[in-house]
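A short write-up of the structure that comes next.
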Amino acid sequence: MKILRTIGLLLFIIGFGIFSGIFFSNEYVLSKEGLAQHLTEKQQLLFEEKQLEHGKIYSNSFAFTKFLQSVMEQVNNSLLQDLTPTEQEINSIVQHNQGLTFSLASLDQVYNDSVESEAFKKSNFISYGNWLEGRAFNNEQEMQEALQGVANNIAQYGIVSSKGFDQYKSKYLLYALTKTSAQGPVKDYPYWMLFLTFGLSIIGASLYILPKTSMEPPGIKNNGIYHNAMSNKGWLGILTGSYLILFYVFLYFYKEHMTSWILMVDPISMFLKGQPAGEFFLYGFLYTLCILVMGVRMIIKYRHSRYQVARTISVMFFQTAFAFLIPEILIRLNQPYYDFKNIWPLDYDFFFDNELNTLIANGNLGLFMIGWGLALTIVAVPVGVYFFGKRWYCSWVCGCGGLAETLGDPYRQLSDKSVKAWKFERISIHSVLVFAIVMTAGVLYTYFTGSAEVVGISTYKIREWYGAGIGAAFAGVVGTGFYPLMGNRVWCRFGCPLAAYLGLIQRFKSRFRITTNGGQCISCGNCSTYCEMGIDVRWYAQRGQNIVRSSCVGCGVCSSVCPRGVLNLEVKDEKGRLNQPSLLGNDSFKN
Amino acid sequence: MKHIVIVGNGVAGITAARHIRKRSAYKITVISAETKYFFSRTALMYVYMGHMKFEHTQPYENNFWEKNNIDLIQDLVIKIDNNKKTLTLQNNDSVVYDDLILATGSVPNKFGWPGQDLQGVQGLYSYQDLQKLEEKTPTKAVIVGGGLIGIELAEMLLYKKVEVTLLVREKSFWSNVLPSQESALINQLIQKHHIDLKLESELKCIHADSEGWVQSIETVDGTNIPCDFVGLTAGVSPNIGWLKDSDVESNRGILVDPYLRSNMANIYAIGDCAEHRTPPPNRRPIEQVWYTGRMMGETVAATITGNPTTYQPGPWFNSAKFFDLEYQTYGVVSNVLQAGQKEFYWEHESGNFCMHFIWNSADNKFVGVNSFGIRLRHEVLDQWLQKGARIMEVMEGLRAANFDPEFFKRHEESIVMAFNAENQNLAVKLNGKKSLIEKIFG
């Protein structure tokens, strides 16, 4: 059994090593076909013009993207040079407005419509300068300055966005061109690579995890957790955390460097949805795999507790079916991508105009999806929490919770239990909830009024801030990257706006509580130590008080690790839920 | 202002301090030589086994004490002079008190075995014991004494892959407390964990090597067992050696009246170190468990703050965990069935669950229950015992008494069925209905 586990560990390390190595495995050559796939003819010409060494091989994505960026920049610069109204032209326009009153008609004297570039300059001047039509100036200098202002605006907004590569286009092209230009083992032997990475990792992990069933009897086995470099913030934990953090930074901000991994899952994506993979397909695939493999580990570890087994199977199911397979299959059926278990405000882009428009454009199914999403937020959350506590979502259904309860289980003890952390948590999670509501209100305002600004702030900017700051940086980079350093529920505890919403209802209107069993607590501290949400469970248990906390996700581990059978997750009549601290057993005060 | 000094910062002393603070503005000082801050003694094993760090065993954050205006002194009290109301400390000067609470706990029993003070021989009670144990991992250990601490120590050593022999003087593990059925169950469990369980085996002496380290032990029947560690876990006694020359009257423990007052009007004793001159009904004079320490702390706090209160513990309860098997007891279940009592014992075929009910044969009054592997609801059991419920009511109400987590397999139906088969004159019908979960999952 021990040998089997050692072999398993080795296989896993090899598989994981190959996976990591693949990140660096590609070479990149820019090809005509690659350019043709993603650029307009004009852009292709410009690109080819600037490409310094044609057909050069770049050995890694960093050099290649640097090269792409410099070409795009050069293209942009030459476009600016060619298409910005020159000082000479401006002077000429001034000359053609002799009466010191500006007229757009004067442009015809300066620009020749039959020359393409001049026609472009003219039309730009009209769109950016038409507000000057008929304006009288005191002298030539004033008019010249005003026209220069128009030219500056054109340079800033009117050229790169339509002819060249603006911020969004270049970000996309960096990724798309890197992916199409990649050459290497992943491209040549995708199935082999799939086997050598995911295959070996899964086999290895299984060999490591499964023998546990026969090695020790069922029951809580937290032996050595604080003697282990992985689970006690040792070098292994820090290394794992750094790896995860880097992964998320690349995923959300520099996906162009992940193309080797994305190429590897292309065949799976083609099979499932008939389209090549994007970075979020790779992410979803990895995510589901982690939940499944580590879910098996979780089930084995807590196999004496049917509560833990049931809820682990549940998160494995919802991740695989609802978050991963169904949305991809919907795409294959030409239907909108939709995760039926994701709930606003965790699903923060549910009300984004593009999302709503896509759903509306998809007939009855789309409308059903909008109704379903609204019903989850408005009905399912309060009703579910009233009857079962927020756990029905957080530790039975949610994908973030699913990862936390499986991949994150080895780190649950690292959450901060101090009162200080609790104070911070209350401020931070409710701030994110407010942020999500404000952001969504702004988005809807724009959707219904068409006005992009509320009190001078662009609603598009707000949602961009939310997406980058909360959606990517907080939920991903911090939320998962910090598992091995701050515990497995960092996002759920400090950031998730849906958890905040569920929590408010759980705190004030719910049948759920963790019951303390009379006077049986011995203050040992297992419950608090293993609470992933950082609740000092013992504080309540040793006073004979039920635990009613908005943050409790009902994972049930406090009850599982309690050596004296003191804690139990219960749904019961609301009466007696918030009981006064009192301990059973001492009758001295009865009279 | 009145100055209350508490010697000992275990659960008894700390509970007293907290409740005095709740009830008054008195100056409170807690003195302990063991550690500065209160920790849960019962959790030491988890620190050794890496379930927790030591700091996790401390139920209150370090700033709690200052915030609640409770002074802590880490020092050893060596002398009491109650005429001057003064305590002499080993390192600091001295402390003057108005009222004194002694909550000094216990020390592991040593019965004068030759070699009992050798290196590598220790008990498991204090923080210092844990530190000593962590210094050097033995390869082969002998544990003397078949009680709760003994089996805990065995479990701890198994984690470090130490070969363990457990010497038990009685015929069966903890058989001075557990009835034979439960005791047999634990015997099997011990053997299943590859512990060499030696029953009816008594320590005679411990032999040392040339460096004064334990080398082997010898039992009364002459068996020699080589080992490099001996755990002495044959019970504990009140920690009162340091009081011998004082005026505080003691027997095995410090003698106290129902107000937990010693022979001195302003000196109280609570927890493990107290011995009741007249124990409450059905209780022993010295009870060394967490819960009684806590309750005496609550009670003495009331008395000291001007609300004289006699110590009246409710129905007895206790709990423990043997490896993966949880144990709870409510009421009185003696190791041997008492005259005039009847019993019903149910054990699941897996050996992972059992329940043992005791009642009076004359009036069928429920007396107590032992439960292994099934959690029971303290509130319900406490009510039954307080009001003198009949065994029939208990059996009928088993569903309401269950405290197992959702989805756990329920055994009430099999238990009641077996009870009815054995006690046809008392046959009952189980109250309540199966929940949906029980219907689906059993």
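Of the helices (runs of 4 or more DSSP H) lying entirely inside segment B:330-442, those containing at least 2 residues that are over 28 Å from the mean Cα position of the chain (by Cα) are B:391-396, B:412-422, B:436-441.
Here segment B:363-412 is the region considered, the condition is being polar (S, T, N, Q) and in contact (Cβ under 8 Å) with a residue 60 or more places away in the chain, and the residue that is most open to solvent (accessible area, probe 1.4 Å) is B:386. Of the helices (runs of 4 or more DSSP H) lying entirely inside segment A:491-591, those containing at least 1 residues that are open to solvent by 10 Å² or more (accessible area, probe 1.4 Å) and facing chain B (nearest Cβ under 8 Å) are A:537-541, A:557-561. Any residue at all in segment A:206-224 that's acidic (Asp, Glu) and farther than 30 Å from residue A:38 by Cα? Looking for residues that are acidic (Asp, Glu) and farther than 30 Å from residue A:38 by Cα, one finds at least one in segment A:206-224, hence yes. Of the residues making up segment B:125-157, those that are touching a residue at least 60 places away in the same chain (Cβ under 8 Å) and over 25 Å from residue B:327 (Cβ atoms) are B:127, B:128, B:134, B:138, B:139, B:140. Taking the numbered list (1) open to solvent by less than 10 Å² (accessible area, probe 1.4 Å); (2) touching a Pro at 6+ places or on another chain (Cβ under 9 Å); (3) away from chain A (no Cβ under 14 Å) in turn, residue B:292 passes all entries but (3).
Residues that are surrounded by fewer than 20 Cβ atoms within 10 Å (Cβ to Cβ) number at least 3 in the following helices (runs of 4 or more DSSP H) confined to segment A:342-419: A:353-360, A:363-375, A:381-388. Residues that are open to solvent by 60 Å² or more (accessible area, probe 1.4 Å) and part of a helix (DSSP H, G or I) are absent from segment A:473-480 altogether. Among residues of segment A:45-55 being surrounded by fewer than 13 Cβ atoms within 10 Å (Cβ to Cβ) and charged (D, E, K, R), the one that is nearest to residue A:128 (Cα to Cα) is A:49. Counting only helices (runs of 4 or more DSSP H) wholly contained in segment A:172-241, the ones carrying 3 or more residues that are open to solvent by less than 40 Å² (accessible area, probe 1.4 Å) and away from every other protein chain (no Cβ under 14 Å) occupy A:190-194, A:200-209. Could you list, in sequence order, all residues of segment B:326-335 that are more than 8 Å from chain A (Cβ to nearest Cβ) and either open to solvent by 10 Å² or more (accessible area, probe 1.4 Å) or closer than 14 Å to residue B:374 by Cβ (or both)? Matches in segment B:326-335: B:327, B:329, B:330, B:332, B:333, B:334, B:335.
Checked against the criterion of being over 22 Å from residue A:393 (Cβ atoms), within 14 Å of another protein chain (Cβ to nearest Cβ) and in a helix (DSSP H, G or I), segment A:298-306 has at least one qualifying residue. For segment B:259-288, the set of residues classified as open to solvent by 30 Å² or more (accessible area, probe 1.4 Å) and of a type in the set (Val, Ile, Thr) consists of B:278 only. So residue A:189 fits all but one of (1) under 25 Å from the mean Cα position of the chain (by Cα); (2) free of Cβ contacts under 8 Å to residues at least 12 places away in the same chain; what number is the exception? With respect to (1) under 25 Å from the mean Cα position of the chain (by Cα); (2) free of Cβ contacts under 8 Å to residues at least 12 places away in the same chain, residue A:189 is out only on (1). Determine if segment B:413-429 includes at least one residue that is open to solvent by less than 30 Å² (accessible area, probe 1.4 Å) and more than 25 Å from residue B:363 (Cβ to Cβ). No, the conditions are met nowhere in segment B:413-429.
If the Cβ limit is 8 Å and pairs must be 6+ apart or interchain, which residue in segment B:418-430 that is among the charged types (D, E, K, R) pairs with which residue that is in a helix (DSSP H, G or I) and surrounded by 14 or more Cβ atoms within 10 Å (Cβ to Cβ)? If the second residue must be in a helix (DSSP H, G or I) and surrounded by 14 or more Cβ atoms within 10 Å (Cβ to Cβ), the pairs left are B:429/B:396; B:429/B:416.
Here the condition is being open to solvent by 40 Å² or more (accessible area, probe 1.4 Å), of a type outside the set (Lys, Arg) and touching a residue at least 24 places away in the same chain (Cβ under 8 Å); of A:319, A:335, A:308, it holds for A:335 alone.
If a residue has to be outside any helix (DSSP H, G or I) and surrounded by 15 or more Cβ atoms within 10 Å (Cβ to Cβ) to count, how many in segment A:56-95 make the cut? Residues flagged as outside any helix (DSSP H, G or I) and surrounded by 15 or more Cβ atoms within 10 Å (Cβ to Cβ) within segment A:56-95 amount to 4.
For segment B:295-325, taking the residues that are assigned to a loop (DSSP other than H, G, I, E, B) and of a type in the set (A, V, I, L, M, F, W, C), the one that is least open to solvent (accessible area, probe 1.4 Å) is identified as B:323. For first residues located in segment B:306-323 and more than 9 Å from chain A (Cβ to nearest Cβ) and within 21 Å of residue B:182 (Cα to Cα), partners that are open to solvent by less than 30 Å² (accessible area, probe 1.4 Å) and outside any loop (DSSP other than H, G, I, E, B) and lie 6+ apart or on another chain with Cβ distances below 7 Å form the pairs B:322/B:151; B:322/B:186; B:322/B:189. When residue A:252 is tested against (1) farther than 14 Å from residue A:175 by Cβ; (2) open to solvent by 40 Å² or more (accessible area, probe 1.4 Å); (3) not β-branched (Val, Ile, Thr), only condition (1) is not met. Here's a check for you: in segment B:51-73, which residue that is within 15 Å of residue A:528 (Cα to Cα) and either out of contact with any Ser or Thr (no Cβ under 6 Å at 6 or more places or on another chain) or of a type in the set (D, E, K, R) (or both) is most open to solvent (accessible area, probe 1.4 Å)? Filtering segment B:51-73 for residues that are within 15 Å of residue A:528 (Cα to Cα) and either out of contact with any Ser or Thr (no Cβ under 6 Å at 6 or more places or on another chain) or of a type in the set (D, E, K, R) (or both), the one most open to solvent (accessible area, probe 1.4 Å) comes out as B:55.
The values are calculated or read from the model by the stated rules, or taken from the named source; none is laboratory data. Keep in mind it's a predicted model, so treat the numbers as computed, not measured. Note: ideal-geometry Cβ built from the backbone for every residue, glycine included; neighbour counts use all protein chains shown. For accessibility, only protein heavy atoms count, side chains too; no ligands or nucleic acids. Shrake-Rupley method; radii C 1.70, N 1.55, O 1.52, S 1.80 Å.
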